[in-house]
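Written out below as structure tokens is the structure these notes cover.
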Amino acid sequence: MRLRLLPAVLLLGSCTLGPDYERPEMTLPDAHRGSEISPQEAAEMAELEWWTVFGDPVLDELITTALRENRDLLIATARIEEARARARVARGERYPVIGIDGEALRELDSGDESSADTFTLTATAAWDTDLWGRLRRADEAARARLLETIENRRGVILSLVGDVSRAYFELRDLDRRLAVTLGTVSTRRDALEIAILRFEGGLTSQLEVRQAETELAAAEALAPVLALLRAEKENEISLLLGRFPGKILRGKDLEEQVIPPEVPPGLPSELLQRRPDVRAAEQQLIAANAEVGIAVANLYPQLVLSGFGGSESEELGSLLSSGTGIWELVANLTAPIWQGGRLR
């Protein structure tokens, strides 16, 4: 529908279709029975960088490196930038589009072989009035998707820190086990020499020698297995750090590590709302809820206002002279009649 004049009063009737998001309510007790911690203490514990309780500077450095160079974390960060750009696009759809259009046209009349030139310079504008909130719901969904990617990145960070810490302590455990095994090999080699001397002196039978050889062989066979496991664990940590496989620095021995404090009972259930996966799931719900509004709005008519204003002249030099002005306003109303059930 094309109209020369559209009353601005029609724009006041815009609304937003679809359900507004409401967080599901849960009935929870006021406090945990037998609680040993206050809400303030719980909040302070939640803000701690928990891996620092081990007091191992090398572990802290490994985690810092992983947070800076891990490939999965870099991908998660890039996805945030992508979602942020999509959110800007969705928000930009709500505003008018303004541009400049210039045209030089020559028309030739084949009858008298004459030609006519026309030069046009106009400013154009178009605006989707978003009567039913389709664009507003799209903006809402895009913002929720952005927040979802941010929470997903926090989840990657949480998993990454946990994986680096776990692998580091497993590496220190393998170091300790290999050291004990090498010590056992040395001890059993000495025991074999003693058994041989005792056998040669006629004090024991050959059975004791064979038994000592068996024990030494078992210890010697275990040592390369542990060495291989240790190398694989170093490779795992290197990959978590975003590096090629290589040696990993060591800090405190396993016996020197600080045992972290136990988590006290009575932590408030609100701490669950800090979990990145829970927060990301809620943003998914918000986005899906907004997309319902988009689907409903597509069933209703859409009104787009457009127009242009500028100058038109047969000579380029007089394009900006008085009396060459042109303008046009258009209201375009489109409504779905039958879509084969696609929109429904």
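You can think of it this way: the chain between residue 95 and residue 163 has 19.9 nm of extra reach, that is 0.36 nm per residue less the Cα-Cα gap.
Each Cα pair under 8 Å and six or more residues apart adds its sequence gap; the mean of these over the residue count of the chain is a relative contact order of 33 percent. Springs join every pair of Cα atoms under 10 Å in this Gaussian network model of the chain, and among 96, 24, 57 the largest mean-square fluctuation is at 24. With the helix formula -39500 (n - 2.57) applied to DSSP H stretches of n ≥ 4, the chain reaches a computed 222 nm mean residue ellipticity of -17500 deg cm²/dmol. Note on residue 209: accessible area approximately 10 square angstrom, rounded to 10, probe 1.4 Å, nucleic acids and ligands left out. The residues packed around residue 192, meaning those with a beta-carbon under 15 Å from its beta-carbon, carry a net charge of -3 if Lys and Arg are +1 and Asp and Glu are -1. Computed over neighbours whose Cβ is under 12 Å from that of residue 308, the net charge equals -4, Lys and Arg +1, Asp and Glu -1. Multiplying the residue separation of residue 217 and residue 344 by 0.36 nm and removing their Cα-Cα distance gives an extension gain of 38.2 nm. Could you state the angle between the C-alpha long axis of helix 134-200 and the longest principal axis of the C-alpha atoms of the chain, as a value from 0 to 90 degrees rounded to the nearest 10? So the helix axis and the longest Cα principal axis differ by about 10 degrees.
Quick one, which of (i) 1.30; (ii) 0.97; (iii) 1.02 is the actual Rg/Rh (Cα atoms, Kirkwood Rh) calculated for this model? The value computed from this structure is option (i).
For residue 343, the amide hydrogen comes within under 5 Å of no other amide hydrogen, counting only partners 5 or more places away or on other chains and with H modelled in the peptide plane. Amide H contacts of residue 131 (H built 1.01 Å from N, in plane; Pro and chain starts excluded): 303 sit under 5 Å, all sequence-distant by 5 or more or on other chains. From a point 7 Å beyond the Cα of residue 189 in the direction of its Cβ, which residues of the range 211-238 have a backbone N at a distance under 11 Å? Residues 220 qualify, since their backbone N sits under 11 Å from the label point. Note on the range 217-261 and the range 74-112: Cα centroid distance 55 Å, given to the nearest whole angstrom. Rounded to the nearest whole angstrom, the semi-axes of the ellipsoid equivalent to the range 81-143, taken from the Cα gyration tensor as √(5λ), stand at 43, 13, 9, largest first.
Dipole size of the chain about its Cα centre, with +1 on Lys/Arg Cβ and -1 on Asp/Glu Cβ: approximately 700 debye, rounded to the nearest 20.
Taking 7 Å steps out from each Cα toward its Cβ at residue 254 and residue 176 produces label points 0.5 nm apart. Could you work out which residue, out of 116, 227, 78, moves most in a Gaussian network model of the chain, that is, has the largest mean-square fluctuation with Cα springs under 10 Å? Answer for the Gaussian network model of the chain: 116. Net length available on complete extension from residue 247 to residue 322 is 19.0 nm, with 0.36 nm assigned per residue and the Cα-Cα distance removed.
For the range 247-260, putting each phi into the Karplus relation 6.51 cos²θ - 1.76 cosθ + 1.60 with θ = phi - 60° gives couplings of 5, 10, 5, 10, x, 5, 5, 4, 6, 8, 5, 7, 6, x Hz, in residue order, rounded to whole numbers and with x for Gly and Pro.
Once the Cα atoms are used to define both axes, helix 206-240 deviates from the longest principal axis of the chain by about 20 degrees.
Projected label points at residue 337 and residue 71, each 7 Å from Cα along the beta carbon direction, are separated by 5.6 nanometres. Only one residue of 135, 324, 120 has its Cα farthest out toward the positive end of the dipole of the chain, where Lys and Arg carry +1 and Asp and Glu -1 on Cβ, and that residue is 135. Taking amide H as placed 1.01 Å from N in the peptide plane, residue 326 has its amide H under 5 Å from the amide H of 310, 311, 312, each at least 5 places away in sequence or on another chain. Applied to the range 60-71, the Karplus parametrisation 6.51 cos²θ - 1.76 cosθ + 1.60 on θ = phi - 60° returns per-residue 3J(HN,Hα) values of 4, 5, 4, 5, 4, 5, 4, 5, 8, 10, 4, 5 Hz, with x for Gly and Pro.
Neighbours of residue 170 by Cβ distance under 9 Å: Lys/Arg scored +1, Asp/Glu scored -1, total +1.
If R0 equals 30 Å, the separation of the Cβ atoms of residue 295 and residue 273 corresponds to a calculated FRET efficiency of about 0.55. The 3J(HN,Hα) values that the Karplus relation (6.51, -1.76, 1.60; θ = phi - 60°) gives for the range 279-294 are, in residue order, 5, 5, 5, 5, 5, 4, 5, 4, 5, 5, 5, 5, 5, 4, x, 4 Hz. Gly and Pro appear as x.
The values are calculated or read from the model by the stated rules, or taken from the named source; none is laboratory data. Source: prediction; values computed, not measured. No Cβ is skipped: glycine too gets one built from the backbone with ideal geometry, and neighbour counts run over all protein chains shown. Quick note on the areas: whole protein, heavy atoms, side chains included, nothing else; ligands and nucleic acids left out. Shrake-Rupley method; radii C 1.70, N 1.55, O 1.52, S 1.80 Å.
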